[in-house]
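The values are calculated or read from the model by the stated rules, or taken from the named source; none is laboratory data. As the structure is a prediction and not an experimental result, all values here were calculated from the model. Heads up, the Cβs are rebuilt from the backbone with ideal geometry, glycines too, and the neighbour counts pull from every protein chain shown. What goes into the accessible areas is simple: the full protein's heavy atoms, side chains included, and nothing from ligands, DNA or RNA. Shrake-Rupley method; radii C 1.70, N 1.55, O 1.52, S 1.80 Å.
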Amino acid sequence: MTKKRILAFLIIVLSIVSCSKDSPTSSPAITFTQPEGKAVNGQYTITGTITSSVLLLKVIVTKEGDTAPFIIDDTTAKNKNNYPYSYLITGITKDTNILIDIYDQNNTKTSTRFLIRI
């Protein structure tokens, strides 16, 4: 009898936990069409897809070492869960890491780097 009560209690607890509305959301994710880029005449277009369970807010693209962002995309990326992006990066004179920060509307941030070689 005691085993049945414990089993019933565990089933109730598990069902309550699995129905919790406070489940964490995942961070935005980014994929690239190519694993790295090769600049042609000092420029390269980074392409791929950003996905998020929460609507996107903005994407900030910065050349590593620069203090100011190269691109702030707070219009075309905004309010999307699936965003096929294309960012033209110009002025590449040496191997350059591009920093990409993605924010969703919960202000969850994902950061990654993309290497462009000359």
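Tell me, which residue of the range 28-72 that is assigned to a loop (DSSP other than H, G, I, E, B), open to solvent by 60 Å² or more (accessible area, probe 1.4 Å) and of a type in the set (Ser, Thr, Tyr) is modelled with the lowest pLDDT? Once the filter is applied, the top-ranked residue is Thr67. Residues in the range 93-117 that are open to solvent by 80 Å² or more (accessible area, probe 1.4 Å), over 15 Å from the mean Cα position of the chain (by Cα) and either of a type in the set (S, T, N, Q) or at pLDDT below 95 (or both): Thr93 alone. For Ser86, state whether it is in a strand (DSSP E or B), among the polar types (S, T, N, Q) and either at positive phi or at pLDDT 95 or above (or both). Judged against the criteria, Ser86 is a match. The set of residues in the range 73-92 that are over 16 Å from Pro28 (Cβ atoms) and either open to solvent by 80 Å² or more (accessible area, probe 1.4 Å) or touching a residue at least 60 places away in the same chain (Cβ under 8 Å) (or both) comprises Thr75, Leu88.
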